[in-house]
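Q: I have a structure here, written as structure tokens, and I will follow up with some questions on it.
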Amino acid sequence: MILTTNDVLNIISNISEVIETNRQYLTDLDAAIGDADHGINLDRGFKAVKEKMPQFLDKDIGAILKNVGMVLVSTVGGASGPLYGTFFMRMGNVVSGKNTLDENDIVAMFEAGLSGIKERGKAQAGDKTMIDAMEPALNELKSTLSEGRGLKEAIEAAANDAYNGVLMTKDIAAKKGRASYLGERSIGHQDPGATSAYLMIKTVADYVDKLQQ
Amino acid sequence: MILTTNDVLNIISNISEVIETNRQYLTDLDAAIGDADHGINLDRGFKAVKEKMPQFLDKDIGAILKNVGMVLVSTVGGASGPLYGTFFMRMGNVVSGKNTLDENDIVAMFEAGLSGIKERGKAQAGDKTMIDAMEPALNELKSTLSEGRGLKEAIEAAANDAYNGVLMTKDIAAKKGRASYLGERSIGHQDPGATSAYLMIKTVADYVDKLQQ
Amino acid sequence: MKKLINNPDEVVKEMISGFLYAYPSYLRKLDNVDVVVRKTSPVDGKVGLVSGGGSGHEPAHAGYVGKGMLDAACLGAVFTSPTPDQIYEAIRAVDGGKGVLLIIKNYTGDVMNFEMAKEMAEMDGIKVLEVIVDDDVAVENSTYTQGRRGIAGTIFVHKIAGAKAEEGAELEEVKEVAEKVIKNLRSMGMAFTPCIVPAAGKPSFTLDEDEIEIGIGIHGEPGTHREKIKGAKEIVAELMDKIIIDLPFRDGDEVALMINGLGSTPLSELFIANKEVNEYLLGKNINVYKTYVGEYMTSLEMSGFSISLLKLDEELKSLLDASADTPAFKQFK
Amino acid sequence: MKKLINNPDEVVKEMISGFLYAYPSYLRKLDNVDVVVRKTSPVDGKVGLVSGGGSGHEPAHAGYVGKGMLDAACLGAVFTSPTPDQIYEAIRAVDGGKGVLLIIKNYTGDVMNFEMAKEMAEMDGIKVLEVIVDDDVAVENSTYTQGRRGIAGTIFVHKIAGAKAEEGAELEEVKEVAEKVIKNLRSMGMAFTPCIVPAAGKPSFTLDEDEIEIGIGIHGEPGTHREKIKGAKEIVAELMDKIIIDLPFRDGDEVALMINGLGSTPLSELFIANKEVNEYLLGKNINVYKTYVGEYMTSLEMSGFSISLLKLDEELKSLLDASADTPAFKQFK
Ligand SMILES: Nc1ncnc2c1ncn2[C@@H]1O[C@H](COP(=O)(O)OP(=O)(O)O)[C@@H](O)[C@H]1O
Ligand SMILES: Nc1ncnc2c1ncn2[C@@H]1O[C@H](COP(=O)(O)OP(=O)(O)O)[C@@H](O)[C@H]1O
Ligand SMILES: [Mg+2]
Ligand SMILES: [Mg+2]
Ligand SMILES: [Mg+2]
Ligand SMILES: [Mg+2]
């Protein structure tokens, strides 16, 4: 299975909608252990992405993703802006010049994006951040694909594991980001960034699912 | 009937207690149309009077009242401080050097005190101030006495008319004091200063009543 | 009542103590009375400026004692005028031989207490004059009533009379310029929430979540009327309409502007109000010469603000521009 | 939510507009980005100082742009770090040839955004250094975590690094003195009530009428723990115990003190806190050299305050004493 430029544009547009729908939810999660702006921040960013979209239409996938990253960096602010921005820019780098993505491209992109986040934020799995949704998702994506079970199933499994990662963030204390100031008091609350990461992965899974039907 | 220095000291001490008891009530009345401090102000003043009382014990009635007035002026502040202060000082002036008070003294005192208030505050009956309790009380005191009905009855009648004056303040708009800023909006609310004036007159009436039993 | 205090009855005493700890190089307190004077009082050959009022308006008035503004501030109980003996001691402490000007806000209590003090000081042979500030256009003016209140515009009187006195002017001249300020000064305020006098322990009035109070003073008293909440632009227009028409301020006038926070309105919101006021004035071709945005005369933790406009001429401009150095008002020339 | 605003999503834009109306002689805004710089930027032969952060902390940071303090402030959305492109434009606008120092508060977001901007400016050949302020002792320090937050003590970094830069010092020297301030600086805060991010429309947490939150930051986030309300003396002692022990501040030390209101705590209450802090320090024989009481770094309309202590030496004293003239921080030498 292969994703085209058009698919990528559709997915980005779907993500924008999902973020808009979940703006209040993500903000409420952030209110509990942060500063009540995660949904507001991402929504501002993806609204800007949507506005700039027409300018990307004739570009290759690498350029599109890099541009999305740059728009996010320059409009989201906070912690999630540079992190998601870096994520998309690094993904774009890996597929620079391409107009289609195969399974290997997708793994490579995700891998590069996640290491970008880790470099930028100096966090790791278990710190109660977006990484706790992304890292299990990436691992599951790779292992499902290596078993030859195809992209649709692999991304579905990845989204599942991202969700489990989100739930797991409830059980741990934050070590990075604003929630870390709460220490043990952050236990019991779900991480907003992990949640938004899951929502994005789930959006990809849903798209691929529809595509294959 | 005659009041002695000791009676005057007792009455002042009773007034202090009545003000303390009604501190919250007077403050609440002031909250509605003023700045929520009338009870607090008077209570601060009469507490200071009580504290200084031992120094007045060997003085004549004129000196006692002047001293009470000066303590009120220097501790109450606001509008009621100079007004009640002037009231007591002027009363003291009229009976300077005396150790007993007869009916004429009492009328003269009250008259002098009330004109002091009017001079100081430039208000008159109907402006929704303490004058609306005091002026009817003074008039009633004089007319009852002139009918020869004795001090006890006269002060009781005066207190009654003071109370009617207080009730009347509910029906009019304030022209002086803080409540005047509310204009028509002050209608429906009872004036705190008229109320405290009534309470003081009533305290005198109750004392004289007990004295004669 | 959630307050950072120890005891509701000790609020003024403890506040003064903390104030003196903060500004030892500016101020000292007189013995036995709640009066704060410049460290170097009396200043020889300078008219002394005395103001004051109830507490609860911080930084007013003690925060304005210093070079280029007041010589003394008398602090009453919360929202209660100071007493004559306090004011009398203040006058005595700051008279540098050229007499003393009392800057009084037009409240029955303040006027009476200051005038009693004036009489006392005059008996000592001190020359004392007074001005009465009544800038609040919310209240109808009438000779049958107490008249208008003095609110945040008073700071302009302190500033400009203070600059004049600092120049070495005579008492009558200082009074004259103070009166010029008062004549050209108009203010009006509104509130989103009431405040709580510590010793009272509860708010003077209550407002619903969607109600605002227009024409509020600075003592937690209710205003002239109540409305449904509306946007900053509409609120500003309502206040400005009354302010502008009253003097009136006209096309081509130059003004000083103060956006004064009443206690808990964030500075960011005061700046939004300032934007609206500026756009309103642009529409009327009234030119803002100088702007002050901040908490100048508060009403405890009340949420709300007031707007003050002062029409300027060359003399007022140059006095407004003069440098001032007080705890709460610092300005380089 | 009762706010003096027009539209929750336009708060920052409109606030900046009102801010510029108020201080045209001090500041100008860069085109297309929410960055405020000195009117005369870049200042030739002077190291440029850039700070910033989320909005909602007014007067921080734009209020500190001016002589003796910052050259530029970058304004993010409410409680959200500014973006790298904003900071990059700020760096470019204030580089007077001697390089630029970034003063960053230690939040994941701020650090990442400022560092991305630094990389961008360095590619242009501009010399950029940074310091990270982490004065809040409420949070345990650890290399495994983000570490401590930067809160109101940051103003001391602006003031002292600003004075050093104004003297014409080199970038490395300005950085060095900024780091000396950070090393000797400790703060802690508490809140009586939460605040409401305009776009969120409701408070981040709620407190009962008898509860307080200890160890609060400046972004409306919950603190380290919750307690029953208590008196100013006890609250101050709890904060001071943590502050003092951390550096530690010792018998004979000289300090600068800041009592910072978080938004709606009346100045009178901050002075009461100041009295308690002074009495606490007297008991430890720690000498207060200079005191700042007021709203320096707020958290919208949060009620509460923080205490900052800076241990001084002769260099820091003389830089702290230097004159400064910015919209929100004016000081005569
Ligand atoms: N160092 C980090 N590495 C990875 N993710 C992080 C890091 N710090 C914070 N995050 C993520 O960012 C989210 C918060 O984003 P957001 O609320 O938009 O920014 P801010 O915390 O600046 O307000 C957190 O829930 C967390 O998942
Ligand atoms: N000019 C005046 N003449 C007579 N009484 C007045 C005048 N002004 C105010 N008062 C009385 O003073 C009362 C208020 O006293 P108080 O609350 O102690 O002072 P303040 O108004 O300064 O807070 C009013 O209820 C009114 O009865
Ligand atoms: Mg957040
Ligand atoms: Mg009153
Ligand atoms: Mg009063
Ligand atoms: Mg944020």
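Q: All but one of (1) closer than 18 Å to C:F114 by Cα; (2) in contact (Cβ under 8 Å) with a residue 60 or more places away in the chain hold for C:C74, so report the exception by its number.
A: (2)
Q: If I filter the range C:75-83 for residues that are in contact with a Gly (Cβ under 9 Å, 6 or more places away or on another chain) and surrounded by fewer than 24 Cβ atoms within 10 Å (Cβ to Cβ), do I get at least one hit? First the steps, then the outcome.
A: Pass one, the range C:75-83, residues in contact with a Gly (Cβ under 9 Å, 6 or more places away or on another chain): C:75-83.
Checking which are surrounded by fewer than 24 Cβ atoms within 10 Å (Cβ to Cβ) leaves us with none.
Looking for residues that are in contact with a Gly (Cβ under 9 Å, 6 or more places away or on another chain) and surrounded by fewer than 24 Cβ atoms within 10 Å (Cβ to Cβ), one finds none in the range C:75-83, hence no.
Q: Check B:Y84 against each of (1) away from ligand 5 (no atom under 16 Å from the Cβ); (2) under 14 Å from the mean Cα position of the chain (by Cα); (3) aromatic (F, W, Y) and name the one condition it does not meet.
A: (1)
Q: Would you say C:G56 is closer than 19 Å to B:A48 by Cα and under 15 Å from the mean Cα position of the chain (by Cα)?
A: Numbers: closer than 19 Å to B:A48 by Cα: no; under 15 Å from the mean Cα position of the chain (by Cα): yes.
Considered against the rule, which asks whether it is closer than 19 Å to B:A48 by Cα and under 15 Å from the mean Cα position of the chain (by Cα), C:G56 comes out as no.
Q: Can I ask one more? Please identify the pairs in which a residue from the range D:83-96 that is closer than 15 Å to D:L49 by Cβ has its Cβ atom under 6 Å from the Cβ atom of a residue that is in a helix (DSSP H, G or I), counting only partners at least 6 apart or on another chain.
A: Pairs that qualify, where the first residue is closer than 15 Å to D:L49 by Cβ and the partner is in a helix (DSSP H, G or I), are D:I87/D:F114; D:I87/D:A117; D:I91/D:A121.
Q: Of all residues in the range C:285-314, which are within 14 Å of the chain's Cα centre (by Cα), within 7 Å of another protein chain (Cβ to nearest Cβ) and of a type in the set (S, T, Y)?
A: If the condition is that a residue be within 14 Å of the chain's Cα centre (by Cα), within 7 Å of another protein chain (Cβ to nearest Cβ) and of a type in the set (S, T, Y), then C:T298 is the only one that fits.
Q: On to the next question. Just one of D:V11, D:V36 is within 13 Å of chain C (Cβ to nearest Cβ) and in contact with a Leu (Cβ under 9 Å, 6 or more places away or on another chain); which is it?
A: Details: D:V11 fails: in contact with a Leu (Cβ under 9 Å, 6 or more places away or on another chain).
Answer to the check: D:V36.
Q: Could you list all residues from the range C:251-284 that are assigned to a strand (DSSP E or B) and under 17 Å from the mean Cα position of the chain (by Cα)?
A: In the first step, residues of the range C:251-284 are kept if they are assigned to a strand (DSSP E or B); the result is C:254-261, C:263.
Listed by number, the residues that qualify are C:A256, C:L257, C:M258, C:I259, C:N260, C:G261, C:G263.
Q: Let me ask another. Does C:K46 satisfy being touching a residue at least 12 places away in the same chain (Cβ under 8 Å) and among the charged types (D, E, K, R)? Let's see the steps before the verdict.
A: Numbers: touching a residue at least 12 places away in the same chain (Cβ under 8 Å): yes; among the charged types (D, E, K, R): yes.
So C:K46 passes the test.
Q: Looking at (1) part of a loop (DSSP other than H, G, I, E, B); (2) within 15 Å of C:D71 (Cβ to Cβ), can you tell me which one C:V36 breaks?
A: Every condition holds for C:V36 apart from (1).
Q: Looking at the range A:115-134, which of its residues are within 24 Å of A:E153 (Cβ to Cβ) and surrounded by fewer than 21 Cβ atoms within 10 Å (Cβ to Cβ)?
A: Within the range A:115-134, just A:A125 meets the criteria.
Q: Let me confirm something: among D:V157, D:V197, which residue is in contact with a Gly (Cβ under 9 Å, 6 or more places away or on another chain), in the same structural domain as D:V137 (by TED's automatic domain parsing) and over 30 Å from C:V12 (Cα atoms)? Lay out the reasoning, then the answer.
A: Details: D:V197 fails: in the same structural domain as D:V137 (by TED's automatic domain parsing).
Among D:V157, D:V197, only D:V157 is in contact with a Gly (Cβ under 9 Å, 6 or more places away or on another chain), in the same structural domain as D:V137 (by TED's automatic domain parsing) and over 30 Å from C:V12 (Cα atoms).
Q: Among the residues of the range D:261-270 satisfying the criterion of being of a type outside the set (S, T, Y) and touching a strand residue (DSSP E or B) at 6+ places or on another chain (Cβ under 6 Å), which is farthest from C:S268 (Cα to Cα)?
A: We begin by selecting, within the range D:261-270, every residue of a type outside the set (S, T, Y); these are D:261-263, D:266-267, D:269-270.
Cutting the leftovers down to touching a strand residue (DSSP E or B) at 6+ places or on another chain (Cβ under 6 Å) gives us D:261-263, D:266, D:270.
Values: D:G261: 15, D:L262: 13, D:G263: 10, D:P266: 17, D:L270: 20 Å.
Applying the filter and picking the extreme gives D:L270.
Q: If you go through the range A:1-8 one residue at a time, do you hit one that is among the hydrophobic types (A, V, I, L, M, F, W, C), in contact with a Gly (Cβ under 7 Å, 6 or more places away or on another chain) and closer than 24 Å to A:K98 by Cα?
A: So the first thing to find is which residues in the range A:1-8 are among the hydrophobic types (A, V, I, L, M, F, W, C), and the list is A:1-3, A:8.
After this cut, where a residue has to be in contact with a Gly (Cβ under 7 Å, 6 or more places away or on another chain) as well, the list is A:1.
Filter again for closer than 24 Å to A:K98 by Cα, leaving A:1.
There is at least one residue in the range A:1-8 that is among the hydrophobic types (A, V, I, L, M, F, W, C), in contact with a Gly (Cβ under 7 Å, 6 or more places away or on another chain) and closer than 24 Å to A:K98 by Cα.
Q: Next question, about the same structure. Pull up the range B:69-106, narrow it to residues that are among the small types (G, A, S) and facing chain C (nearest Cβ under 9 Å), then point me to the one that is surrounded by the most Cβ atoms within 10 Å (Cβ to Cβ). Please lay out each step first, then the result.
A: Here is the first cut: in the range B:69-106, the ones among the small types (G, A, S) are B:69, B:74, B:77-81, B:85, B:92, B:96-97.
Going one step further and asking which of them are facing chain C (nearest Cβ under 9 Å), we end up with B:74, B:77-81, B:85.
Details: B:S74: 21, B:G77: 31, B:G78: 33, B:A79: 31, B:S80: 31, B:G81: 29, B:G85: 30.
Among those that are among the small types (G, A, S) and facing chain C (nearest Cβ under 9 Å), it is B:G78.
Q: Write out, first by first residue and then by second, each pair whose Cβ atoms fall under 6 Å of each other, whose residues are 6+ apart or on separate chains, and whose first residue, in the range D:172-196, is more than 14 Å from chain C (Cβ to nearest Cβ) and aliphatic (A, V, I, L, M) while the second is assigned to a helix (DSSP H, G or I) and surrounded by fewer than 20 Cβ atoms within 10 Å (Cβ to Cβ).
A: D:M188/D:K242
Q: If a residue counts only when it is more than 14 Å from every other protein chain (Cβ to nearest Cβ) and either away from ligand 4 (no atom under 16 Å from the Cβ) or among the basic types (K, R) (or both), which strands (runs of 3 or more DSSP E) contained entirely in the range C:64-134 have at least 2 such residues? Working first, answer last.
A: On the way: elements: C:72-78, C:100-105, C:128-133.
It comes to C:100-105, C:128-133.
Q: Only residues in the range C:17-34 that are among the polar types (S, T, N, Q) count as the first member; pair them with residues that are surrounded by fewer than 19 Cβ atoms within 10 Å (Cβ to Cβ), Cβ under 7 angstrom, at least 6 apart or cross-chain, and list the lot.
A: Qualifying pairs under 7 Å: C:S25/C:K39.
Q: Determine the pairs where a residue that is within 14 Å of chain C (Cβ to nearest Cβ), located within the range B:107-124, has a partner that is among the aromatic types (F, W, Y) with Cβ atoms under 7 Å apart, the partner being 6 or more residues away or on another chain.
A: B:G116/B:F87; B:I117/B:F87
Q: Something else about it: Looking at the range D:267-316, which of its residues are without any contact (Cβ under 8 Å) to a residue 60 or more places away in the chain, out of contact with any helix residue (DSSP H, G or I) (no Cβ under 9 Å at 6 or more places or on another chain) and of a type outside the set (G, A, S)?
A: Residues satisfying the conditions are D:L282, D:N285, D:E314.
Q: Being within 30 Å of C:G54 (Cα to Cα) and free of Cβ contacts under 8 Å to residues at least 60 places away in the same chain is the filter here; which residues of the range D:220-266 pass it?
A: Going residue by residue through the range D:220-266, those that are within 30 Å of C:G54 (Cα to Cα) are D:229-237, D:257-266.
Across the range D:220-266, the qualifying residues are D:I229, D:K230, D:G231, D:A232, D:K233, D:E234, D:I235, D:A237, D:L257, D:I259, D:G261, D:P266.
Q: Looking at D:K233, is it at the interface with another protein chain (Cβ under 7 Å from one of its Cβ atoms) and basic (K, R)?
A: Numbers: at the interface with another protein chain (Cβ under 7 Å from one of its Cβ atoms): yes; basic (K, R): yes.
Answer is yes for this residue.
Q: With respect to D:V78, is the statement that it is within 16 Å of ligand 3 (Cβ to nearest atom) and β-branched (V, I, T) true?
A: Values: within 16 Å of ligand 3 (Cβ to nearest atom): yes; β-branched (V, I, T): yes.
Here the answer is yes, as D:V78 does meet what is asked.
Q: Related question: Evaluate the following for C:G48: is it in contact with a Leu (Cβ under 9 Å, 6 or more places away or on another chain) and surrounded by 24 or more Cβ atoms within 10 Å (Cβ to Cβ)? Talk me through it step by step, then tell me what you get.
A: Details: in contact with a Leu (Cβ under 9 Å, 6 or more places away or on another chain): yes; surrounded by 24 or more Cβ atoms within 10 Å (Cβ to Cβ): yes.
Against the criterion (in contact with a Leu (Cβ under 9 Å, 6 or more places away or on another chain) and surrounded by 24 or more Cβ atoms within 10 Å (Cβ to Cβ)), C:G48 qualifies.
Q: Next question. Return yes or no: is D:E269 among the acidic types (D, E) and closer than 23 Å to C:P327 by Cα?
A: yes
The values are calculated or read from the model by the stated rules, or taken from the named source; none is laboratory data. Since we're looking at a predicted model, the values are computed, not measured. When we count neighbours, we look across all protein chains shown, and the Cβ atoms used for this are built from the backbone with ideal geometry, even at glycine.
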